[in-house]
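Presented below is the structure to which this report refers.
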Amino acid sequence: MRRVLIVDDDPKVCDVLDRYLAHAGYATAQARDGTRALELARTWAPDLVVLDLMLPGVGGVEVCARLRREQNGVPVIMLTARSTEEDKVTGLATGADDYLTKPFSPRELVARVEAVLRRARSKGRRIVAGRLEIDEERCEVTIDGEQVKLTATELKMLTIMARHPGRVFRREELARQALGDDFEGLDRTVDAHVKNLRRKVGSATIVTVFGIGYKLVA
């Protein structure tokens, strides 16, 4: 299921959007402030964020900017009670993919979510993490512009981690996502793949978090 993170300090707005998105087949999570939104973005890894502009603490503009830096361009739909052209430009300039002014129809929001996700899928997007670049459409990886040859499993594992730089992935999670739910190998199988990856893309790019797993550092 596609995951949508709903970020709004109004619980009624969150609950309404939660119901409509769940009915449309999306998995949802809610955050009422910017700090919690960034925590969930790192740990829950949403496919799209519905983000209110006016939030307590860390505001929507700053949240959007951090998502752009930390989450490799996860799509963002900005919500706001303001309707001035300046607010719209500010939201889009920060990196939002779409913009919706309150009050709005929940059905329109769901339609916007579907449209933004379709655009994201059709781009065949590139993932950039520091010196590393992954072209998902061509299945190509480059370091400082030089192509790196990876096996299919190595590419899957690298892409999984590169989509969420800084997030720690447990060995069993990497195995499940890269090798399938029916994988019954040992932790050292994952370790072997990661060892090869570190040799090819640099040991400073993929860091071991002892006792837990691995993370990619941009």
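The table for this structure:
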| item | result |
| --- | --- |
| Leu132 being under 19 Å from the mean Cα position of the chain (by Cα) and under 20 Å from Asn196 (Cα atoms) | yes |
| Residue in region 58-66 that is among the small types (Gly, Ala, Ser), out of contact with any Pro (no Cβ under 7 Å at 6 or more places or on another chain), surrounded by 13 or more Cβ atoms within 10 Å (Cβ to Cβ) and at pLDDT below 75 present | no |
| Enumeration of residues in region 155-174 that are modelled with pLDDT under 85 and aliphatic (A, V, I, L, M) | none |
| Residue pairs meeting the criteria (Cβ under 8 Å; at least 6 apart or on separate chains; first in contact (Cβ under 8 Å) with a residue 40 or more places away in the chain, in region 132-155; second part of a loop (DSSP other than H, G, I, E, B)) | Leu132/Thr205; Leu132/Ala218; Val141/Leu150; Ile143/Arg131; Ile143/Gly202 |
| Test set (1) in contact with a strand residue (DSSP E or B) (Cβ under 7 Å, 6 or more places away or on another chain); (2) at pLDDT 90 or above; (3) of a type outside the set (Ser, Thr, Tyr); (4) open to solvent by 60 Å² or more (accessible area, probe 1.4 Å) - Glu114 fails condition number | (1) |
| Filter result (out of contact with any helix residue (DSSP H, G or I) (no Cβ under 6 Å at 6 or more places or on another chain) and open to solvent by less than 60 Å² (accessible area, probe 1.4 Å)) within region 144-157 | Leu150, Leu155 |
| Test: Phe183 is aromatic (Phe, Trp, Tyr), over 20 Å from Val74 (Cα atoms), surrounded by fewer than 17 Cβ atoms within 10 Å (Cβ to Cβ) and at pLDDT below 80 | yes |
| Count of region 107-158 residues which are under 30 Å from Gly25 (Cα atoms) and hydroxyl-bearing (Ser, Thr, Tyr) | 2 |
| Qualifying positions in region 23-48 - exposed (fewer than 15 other Cβ atoms within 10 Å of the Cβ) and over 25 Å from Ile160 (Cα atoms) | His23 |
| Failed condition for Leu51, given (1) buried (at least 18 other Cβ atoms within 10 Å of the Cβ); (2) in a helix (DSSP H, G or I); (3) not charged (D, E, K, R) | (2) |
| Selection count, region 125-139, where residues are open to solvent by 60 Å² or more (accessible area, probe 1.4 Å) and out of contact with any strand residue (DSSP E or B) (no Cβ under 6 Å at 6 or more places or on another chain) | 5 |
| Condition met for Ser122 (touching a strand residue (DSSP E or B) at 6+ places or on another chain (Cβ under 7 Å), open to solvent by 70 Å² or more (accessible area, probe 1.4 Å) and at pLDDT below 85) | no |
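The values are calculated or read from the model by the stated rules, or taken from the named source; none is laboratory data. Please read all numbers here as calculations on a predicted model, not as lab measurements. Cβ sites come from the backbone with ideal geometry, for glycine too, and all protein chains shown count toward neighbours. The area values use the complete protein model at the heavy-atom level, side chains included, leaving out ligands, DNA and RNA. Shrake-Rupley method; radii C 1.70, N 1.55, O 1.52, S 1.80 Å.
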